[in-house]
1. Please go through the stretch B:32-44 and give me each residue that is more than 7 Å from every other protein chain (Cβ to nearest Cβ) and touching a helix residue (DSSP H, G or I) at 6+ places or on another chain (Cβ under 9 Å), ordered by number.
2. Restricting to the stretch B:141-157, name every residue that is surrounded by 20 or more Cβ atoms within 10 Å (Cβ to Cβ) and within 26 Å of residue B:48 (Cα to Cα).
3. Considering only the stretch B:75-112, state which residues are modelled with pLDDT of 85 or more, within 11 Å of chain A (Cβ to nearest Cβ), part of a helix (DSSP H, G or I) and closer than 17 Å to residue B:163 by Cα.
4. Filter the stretch A:314-353 down to the residues that are under 23 Å from the mean Cα position of the chain (by Cα) and modelled with pLDDT under 90 and list them by number.
5. Does any residue of the stretch A:334-352 turn out to be over 27 Å from residue A:72 (Cβ atoms), out of contact with any strand residue (DSSP E or B) (no Cβ under 9 Å at 6 or more places or on another chain) and not in a helix (DSSP H, G or I)?
6. Could you tell me whether the stretch B:117-125 includes any residue that is outside any helix (DSSP H, G or I) and farther than 30 Å from residue A:33 by Cβ?
7. Could you check how many residues of the stretch B:16-31 are within 7 Å of chain A (Cβ to nearest Cβ) and under 30 Å from residue A:38 (Cβ atoms)?
8. Within the stretch A:231-274, can you find the residues that are within 14 Å of chain B (Cβ to nearest Cβ), out of contact with any helix residue (DSSP H, G or I) (no Cβ under 6 Å at 6 or more places or on another chain) and assigned to a strand (DSSP E or B)?
């Protein structure tokens, strides 16, 4: 081993660290001055998204994009805290996917508050006790989170960001090994998502679909011959051992979270989404006519979700996500036309599309 | 608002980010070259501790020390992953304090593996399937973690780091509010640690000491008139609502974790600890005589913990932590003298003292 080269490399690393530290301090001073100038709505999700995308595009390596994003996520988080100390609430308890989503979006610097229900997250943000809330909106295994959809309709809050989080499925049981497993419980969608792994490793046992993965874990905790497919938190809650981890066939199993606040993203970031909820007149072809402006102005729809209306004023409401910011010209025009045709329309906010 | 100054600040921030990115990439290239030169034991805990301490000392502000540490923790984590992709195991499931400790020490870049028992963490590190294990060793509420002490004695692994993690206590219950709580269960030490809060907010209810905080939560889950004091994970496991968070009188309630590996810190970092386990001849004054060299050479003891020996060869073994690295001269001499007097002595490793 070349000790002198090693020493020279170490010295260079120390010098680099000093330069980075100086730049971080200058960045902190700039951020503080920005905070003084802006006074008020300080957090600009579109600006953060732009910085992260730009850094990812400029990154020459050898550090991978994910590492560079993580480092800059923390740099921005620390600088934002100088402008404005943030309080961020998520659906608790600590250690759940919601907390992971909140930290992925906001970095380590904010004060994080774990609340007992999605409803409470909405109420605390609306009351001004909390600046930002992070709530699950849909899950590729379990589908839409109904309560979040209902609360978006009822509360005057806006969506200012989205977070995508990878979710892993595990096989868990009281049984000591795979060989002792005589049946597998899980939600039908989870069974389907782990089909390849199951047919390779447990080809001869029955797969029993149940209402939810949590229910599957509960059943497995009462039956030493059974296993459940569920997330890691379920193994903890029901005292089960994980016999095989990350058994999902599709590694892209994700949950989508929304960041809610009293404001949305004030301007476009270059790759945005806009969410809205609306209702159509209750007659044949109304829905088709309602969506026609989106096609006319070339605005892509990324989600259309119908849901029985709770209020009684309409039979159904439709949750729609489109690509683009509400200030982008085609989106602006399409939304104006859509509003004319809808019996009801509420804009839920524009925000940068999740990039990682 | 001065738009032109705001624009100038944004431009400067963008330029700073580009400079930081260039420096990060150069640091990555240096780290990769260090990895090529070293070939083998790549992770140097003493070097990481030095870098973090140096950065904290040089930090001119306005970013707080904690923010600068978090950013450099991630920078070093990413660079180390270029030298050597690490596998780090902790006592699972995910979302526990052990995972938080592992991430606090190693940053985000390693592959983290959650294992079901402390025993399994030791076995997987010893088998070479895992590079580093993170295990709890003592807790200011629940005292020592016996199983970790026993495994340190039995396994040929070394301690290469320590992590201190703040632990919070919460009052949790099935009851809807504090007013409905008729009794409080918890471990006696937790009751003592929350004494001030309890006497202010629940002065007239009985406090019932039980075997552990988890047991307290289990009891509270069966009795809607009762509350438990325990950590947040217990609220999740037993479906209890947190009525009051962070009620510990002493905000310094911490758990200490050890990082175990096939090696310890090869050299001193400047602020180190050395752990050992030994036994003394079973006669009056033997323990006093055993420790005498530490006093003689001016080596401070930070922990002395006796424990019944499992092996049958000795009645008791003593776990001792001292300040300094085993290569620091006074420590080296004190250990040599101590070894002569002990009936048995095993060096468990030298490692940088936790700094944050």
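1. B:35, B:36, B:42, B:43, B:44
2. Across the stretch B:141-157, the qualifying residues are B:148, B:152, B:157.
3. B:76, B:77, B:103, B:104
4. Hits for the stretch A:314-353 are A:317, A:318.
5. Within the stretch A:334-352 (the criterion being over 27 Å from residue A:72 (Cβ atoms), out of contact with any strand residue (DSSP E or B) (no Cβ under 9 Å at 6 or more places or on another chain) and not in a helix (DSSP H, G or I)), the answer is no, since none of the residues qualifies.
6. Yes, the conditions are met somewhere in the stretch B:117-125.
7. Here the count works out to 8.
8. A:241, A:244
The values are calculated or read from the model by the stated rules, or taken from the named source; none is laboratory data. Small disclaimer: the values here were computed from a predicted structure and weren't measured. Reconstructed Cβ throughout: ideal geometry from the backbone, glycine too, with neighbour counts over all protein chains shown.
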